[in-house]
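The structure under discussion appears below in the form of structure tokens.
Please treat every number below as a calculation from the coordinates, not as lab data. Everything numeric in this text was worked out from a predicted model, so none of it was measured. So basically every Cβ, Gly included, is an ideal-geometry build from the backbone, and we count neighbours across all protein chains shown.
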Amino acid sequence: MSSSSAELSAMRRALELAATAGVPLGPNPRVGCVILADDGTHLAAGLHRGAGTPHAEVDALTRAGDAARGATAVVTLEPCDHTGRTGPCSQALLAAGVRRVVFAQPDTTPAATGGAATLRAAGVEVEGGVLKQEARSLNSAWTFAVDHGRPFVTWKFATTLDGRSAAADGTSRWVSGREARRDTHRLRALSDVVLVGTGTVAVDDPLLTVRDDADRPVPHQPLRVVMGERSLDAGRKVLGDDAETLHLRTRDPQAVLEELYARGRQHVFLEGGPTVAAAFLRAGLVDEVVAYVAPMLLGAGRAAVGDLAITTIADALRLAITDVALLGEGSDATVRLTLTPTATPKEH
Ligand code: AOF
Ligand code: ZN
């Protein structure tokens with residue numbers, strides 16, 4: 001049987017519930033669930049509120065009680081089949097006597113996959129793929145990481161019109177305006193790793209925390225990661241206790257992403273400097289670029305990105321612009337470009 005319009009609208013409701021404000025973006029996917037009666041009534045609804053808390057199906061089934069017997073469970077992710085921090089949702093659905101399960105996105109993680117097969121084998125009617133794209137984009141970083149076996153990488157940098165990220169004397173603090181800095185903190189908060197190289201720590205001594213307008217750190221901080229073989233000097237701000245910090249003693253972007261993925265991280269916010277950015281670009285490991293372009297010229301100074309081993313224009317690394325925004329005004333104005341690297345060179 002294919003899904004009815006009642007199931008479609010229940011799925012829309014489940015997607016809304018999954019996206020409830022305040023639910024963490026990771027490490028677990030955000031999931032919503034509606035228990036639906038044959039006449040289209042929503043008997044109960046539930047959602048997952050983050051790792052360690054009940055899964056969405058269990059939350060909804062608890063609220064439904066006996067009413068779930070013979071009903072349909074509509075859920076944004078294939079019910080899990082594993083005992084992780086909590087028990088398997090497949091078994092919870094069976095124990096509750098649910099007759100039919102409709103889900104959006106298949107769960108392909110090796111640990112949790114298999115719920116649909118288990119339910120079918122036990123005689124439950126199962127249909128997957130309903131509003132699958134919506135569910136995938138709801139948890140875009142989680143989905144990307146599961147599909148690719150590594151975190152999504154956003155490379156952020158601030159530059160002058162002539163591609164400089166610091167002046168000849170090394171000063172860089174006010175390249176971009178106040179609004180752009182606020183925007184950077186907003187984007188940092190959407191990631192679960194802020195990554196720089198040992199060079200940036202040595203030269204700029206950044207704090208790399210997410211701070212509010214009053215410059216206070218917010219409660220949930222991304223992991224700060226410094227990559228590179230050089231040791232970090234004692235007293236560097238990144239070693240303070242405002243957030244956790246991890247030093248990975250390697251220059252290999254692939255190794256860094258493998259390690260971070262193994263630690264359950266899904267979205268890396270790469271903040272430079274030029275050497276680390278170049279290493280990621282050369283390895284094809286940048287998925288999104290956010291460039292803050294300030295209306296100023298320096299003529300000399302540190303380049304925003306290091307050598308990419310490109311010597312002729314035909315080999316340029318090309319990007320597609322997905323968004324342009326003007327942040328701030330007057331002397332504070334900065335243009336934010338959002339771009340995606342394109343795989344194939346532009347035709348001439
Ligand atoms: C579901 N319903 O609401 C969620 C699921 O170790 P745990 O118990 O926290 O499980 C996390 C994994 O379970 C997660 O990576 C994903 O595969 C699945 N999440 N599954 O049936 C839910 N949040
Ligand atoms: Zn589950």
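Provide the gained length on full extension for the span MET296 to ASP147, in nm with one decimal, where the gain is 0.36 nm per separating residue minus the Cα-Cα distance. Don't jump to the answer; show the numbers that get you there.
Numbers: separation 149, 0.36 × 149 = 53.64 nm, distance 4.05 nm.
Working it through step by step, the gained length comes to 49.6 nm.
Converting phi to 3J(HN,Hα) with the Karplus coefficients 6.51, -1.76 and 1.60 and the offset θ = phi - 60°, the range 312-322 yields 9, 4, 4, 8, 3, 7, 9, 10, 9, 7, 9 Hz in sequence order, with x at every glycine or proline. Could you work out the local net charge near SER176, counting Lys and Arg as +1, Asp and Glu as -1, over the other residues with Cβ closer than 13 Å to its Cβ? Result for the neighbourhood of SER176: +3.
When only C-alpha pairs under 8 Å and at least 6 residues apart count, what is the relative contact order of the chain, in percent? Walk me through the numbers before you get to the answer.
On the way: 757 pairs, mean separation 51.8, N = 348.
Relative contact order comes out at 15 percent.
Candidates THR250, GLY328, GLY114 compared by Cα position along the dipole of the chain: farthest toward the positive end lies THR250, with charges placed on Cβ.
Filter the chain for me: DSSP H helices, axial length by Cα at least 15 angstrom, mean Kyte-Doolittle hydropathy not below 0.0. List them by residue number. The partial results should precede the final answer.
Details: long enough: 5-18 (20 Å, 0.21); 178-189 (17 Å, -2.17).
Result, helices passing both filters: 5-18.
Put in line by how crowded their Cβ is, counting other Cβ atoms within 10 Å and starting with the fewest, TRP174, TRP155 read TRP174, TRP155.
Can you tell me how the range 149-341 classifies by the Cα gyration tensor, rounded, prolate or oblate, using a/c under 1.5 as the rounded cut? Verdict is rounded for the range 149-341. Ordered by the count of other Cβ atoms within 10 Å of each Cβ, fewest first, ARG336, ARG236 give ARG236, ARG336.
To make sure I understand, if each residue's beta carbon is the centre and we count other beta carbons within 10 Å, what order do THR76, THR209, THR53 fall in, fewest to most?
Values: THR76 31, THR209 21, THR53 15.
In order of increasing Cβ crowding within 10 Å: THR53, THR209, THR76.
Dipole of the range 149-341 computed with +1 at Lys/Arg Cβ and -1 at Asp/Glu Cβ about the Cα centre; of THR160, LEU319, GLY306, farthest Cα towards the positive end is GLY306.
First select every other residue whose beta carbon is under 15 angstrom from the beta carbon of THR53; then total the charges, Lys and Arg +1, Asp and Glu -1. Local charge sum for THR53: +2. Taking the Cα centre of the range 151-285 as origin and charging only Cβ (+1 Lys, Arg; -1 Asp, Glu), how large is the dipole, in debye to the nearest 20? Rounded to the nearest 20 debye, it is 140 debye.
Backbone geometry of the range 231-242 corresponds, through the Karplus equation with coefficients 6.51, -1.76 and 1.60 at θ = phi - 60°, to 3J(HN,Hα) couplings of 6, 8, 5, 4, x, 5, 4, 5, 8, x, 9, 5 Hz, x marking Gly and Pro. Taking a ≥ b ≥ c as the square roots of the Cα gyration tensor eigenvalues, with a/c under 1.5 meaning rounded and otherwise prolate when a/b beats b/c, else oblate, which class fits the range 5-138? Rounded, since a/c falls under 1.5.
Annotation: amide H-H contacts under 5 Å for VAL98 (H modelled 1.01 Å from N, sequence separation of 5 or more, or interchain): GLY70. One quarter of the convex hull surface built on the alpha carbon atoms of the chain amounts to 20.9 nm², the projected area averaged over directions.
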